[in-house]
Amino acid sequence: MAEAGWSRGADGMYRSQSGQPIDLEVRAGNPPLVREGSAIAALFKAAGVETSVAVGSDGEIRFTFPGLEGAPLRDTQQDLAGFISSQAGTEANRWSGNNRGRYSNAAFDQLYSRSLVTLDPGERQGLVADLWKMEAEDTASIHVFYDMAQQTIVMRKGVHGPGPVSSKQLVVAWNIHTWDMD
């Protein structure tokens, strides 16, 4: 921050050389995401960045606001669609689509298209991993937490019942009532 010309004021917030604070708005796309947006705002505030939370769903505002959006992402192709160029909201398409940051990368678009038609699960997973790597390297979004339902679950020997579930499934222990232990 110092290299960029920002220094912490007496109140702990970063300020420009003229004394102006960094002021970011975190937009929670709809009311159910207010808690997530508030958590992200609190992280920035703790780091010295003045932050407020706004709720709004109007299309043009969603695609053009000059702040941050707090929204959950999962490791699915559906969420990756939120980064393809054709999903960017514009006036021409009446501000519709899932690419709220209007990220545009032709290589990403081509790789995404390939992932949709690749039948081999291992190859498709590799393409999806490449897409997330590209998204991270381009900083199309900044991930501040990971959904624990996406983690690998390890069971001790003798537990019977857990098995692979779709990454779209929010709970990997959905059928725990049917599990057995030796």
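Ala81 passes every criterion in (1) open to solvent by less than 60 Å² (accessible area, probe 1.4 Å); (2) at pLDDT 80 or above; (3) in contact with an Asp or Glu (Cβ under 8 Å, 6 or more places away or on another chain) apart from (3). Only one entry in Leu170, Leu119 is at pLDDT below 70, open to solvent by 40 Å² or more (accessible area, probe 1.4 Å) and part of a loop (DSSP other than H, G, I, E, B), namely Leu170. Might you let me know whether the stretch 127-135 holds any residue that is modelled with pLDDT under 80 and open to solvent by 70 Å² or more (accessible area, probe 1.4 Å)? Scanning the stretch 127-135, I find no residue that is modelled with pLDDT under 80 and open to solvent by 70 Å² or more (accessible area, probe 1.4 Å), so the answer is no. For beta carbons closer than 7 Å, sequence separation of 6+ or different chains, a first residue in the stretch 91-105 that is within 21 Å of Leu73 (Cβ to Cβ) and a second that is assigned to a strand (DSSP E or B) and open to solvent by 50 Å² or more (accessible area, probe 1.4 Å), the qualifying pairs are Arg100/Glu69. Could you tell me whether Ser38 is assigned to a helix (DSSP H, G or I) and at pLDDT 80 or above? Yes; evaluated as a whole, the condition is true for this residue.
Scanning the stretch 122-145 for residues that are within 14 Å of Gly82 (Cα to Cα), part of a helix (DSSP H, G or I) and either among the hydrophobic types (A, V, I, L, M, F, W, C) or touching a strand residue (DSSP E or B) at 6+ places or on another chain (Cβ under 7 Å) (or both) returns Val128, Leu131, Trp132, Met134, Ala136. Filter the stretch 86-111 down to residues that are in a helix (DSSP H, G or I) and closer than 24 Å to Thr64 by Cβ and give me whichever is modelled with the lowest pLDDT. Step by step, filter the stretch 86-111, then rank; the result is Gln87.
The values are calculated or read from the model by the stated rules, or taken from the named source; none is laboratory data. Nothing here was measured: the structure is a model prediction, and the numbers come from that model. Please note: Cβ atoms are built from the backbone with ideal geometry, for glycine as well, and neighbour counts cover all protein chains shown. These area figures cover heavy atoms from the full protein model, side chains too; ligands, DNA and RNA do not enter into them. Shrake-Rupley method; radii C 1.70, N 1.55, O 1.52, S 1.80 Å.
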